[in-house]
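To start, the structure itself, in C-alpha cells.
The values are calculated or read from the model by the stated rules, or taken from the named source; none is laboratory data. Predicted model, so just to flag it, every value in this text is computed and none were measured. A quick note on method: Cβ atoms are made from the backbone with ideal geometry, for glycine too, and the neighbour counts reach across all protein chains shown. Please note that ligands, DNA and RNA were not included when accessible areas were found on the heavy atoms of the full protein model with its side chains. Shrake-Rupley method; radii C 1.70, N 1.55, O 1.52, S 1.80 Å.
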Amino acid sequence: YKKILPIIGIIIFVYLIYKVGISNIINSFKTIKLGYLLIAMVLAFIVMILLTFKWGVILKKQNIHLGFWYLQKTYLIGLFYGFITPARAGSLIRATCIREKTNKPIAECTSSIILERILDLFVIFILSVTGAALLTEFIKGILSKIALAFIIFIVFVLFFIGKKRSRFVLRLVYKFLVPEKFKKIASSSFHSFYKSLPSLRKLAYPLLLTFIVWIL
C-alpha cells in the first residue's frame, strides 16, 4: 500500500494541475508578496511544532512515550502520505510507525490519530458556528445548518466513544461482513482500540492546543 497510495496521489495531483492550468499557477507565483510568504512560513513552522506536541500529549495519555523528534519525523511522513491521498487517509501510516517502535497493536496506535481528528473537527465546528453567527444576517439559514451538523457530530462521537454502545452497532458488521478468518483479529482490534482511549477529562489540554493551532 505504501507504493500504491503515492501513485493515486500523483494522478490526482497531475489532474488538478491540468484543470487549474500551468499558466494560471505561474501567474499566481508572480503575484506572491514575499512579506506575507515569510509570515506564512513562520506560522507553518510553529503550527507543525504544536501539532506534533499535541499528538505527543495524546500518546502520553495512552501511556505511549516517544521522543519529540521521532514524533516530528513521523508526523511529516504522515503529512506526505496525507497530501497525496484522498481525504488524507494516508496520514494513518503514522500508526504503523508507532507500532514498529512500540510493538503495540495497530488499533491502539491508530486511536491517537482518530482522537486527533475528532478534536480538529470539534474545534472547526466551534469556529464555524461562531462565524455563522456573525454571517447570519447575510447568509440566511447558515447558522441553523452548521449548528445542526455540529449536533449530529457530537451525538455520533458520544455514541461511538462508548464501548458498549458501539459494540451494539458494530456487532452487525462483525457478524455479516467480516470474513471468518479475520473475526479474531477484528475482535482483538476492537478491544485494543477502546482500551487505549483516554477519558474525556484527559483531553482538555490537547483540546486547548487544538484551538491554538486552528487560530494560528
Reported set for region 89-108 where residues are over 13 Å from GLY78 (Cα atoms) and out of contact with any Leu (no Cβ under 9 Å at 6 or more places or on another chain) is ARG99, GLU100, ASN103, LYS104, PRO105, ILE106, ALA107, GLU108
Hey, can you tell me all the residues within region 125-151 that are of a type outside the set (Phe, Trp, Tyr), out of contact with any helix residue (DSSP H, G or I) (no Cβ under 7 Å at 6 or more places or on another chain) and open to solvent by 60 Å² or more (accessible area, probe 1.4 Å)?
-> THR130, LEU134, GLU137, ILE139, LYS140, SER144, LYS145, LEU148, ILE151
Qualifying positions in region 170-216 - within 19 Å of the chain's Cα centre (by Cα), among the charged types (D, E, K, R) and over 23 Å from LEU158 (Cβ atoms) = none
Write out, first by first residue and then by second, each pair whose Cβ atoms fall under 8 Å of each other, whose residues are 6+ apart or on separate chains, and whose first residue, in region 185-200, is of a type outside the set (S, T, N, Q) while the second is surrounded by fewer than 16 Cβ atoms within 10 Å (Cβ to Cβ) and not in a helix (DSSP H, G or I).
-> ALA186/VAL178; LEU197/ILE161; LEU200/ILE161
Considering each of GLU108, GLU137 in turn, give the residue that is of a type in the set (Asp, Glu), part of a helix (DSSP H, G or I) and over 30 Å from ALA40 (Cα atoms).
-> GLU108
Look at LYS54 and say whether it is modelled with pLDDT of 90 or more, in contact with a helix residue (DSSP H, G or I) (Cβ under 8 Å, 6 or more places away or on another chain) and basic (Lys, Arg).
-> yes
Qualifying residue in region 191-207 (condition: hydrophobic (A, V, I, L, M, F, W, C) and surrounded by fewer than 13 Cβ atoms within 10 Å (Cβ to Cβ)) = yes
Might you check whether a residue that is among the charged types (D, E, K, R) and closer than 30 Å to ALA44 by Cβ occurs anywhere in region 167-189?
-> no
What are the residues in region 170-190 that are assigned to a helix (DSSP H, G or I) and surrounded by fewer than 11 Cβ atoms within 10 Å (Cβ to Cβ), if any?
-> LEU172, VAL173, LYS175, PHE176, GLU180, LYS181, LYS184
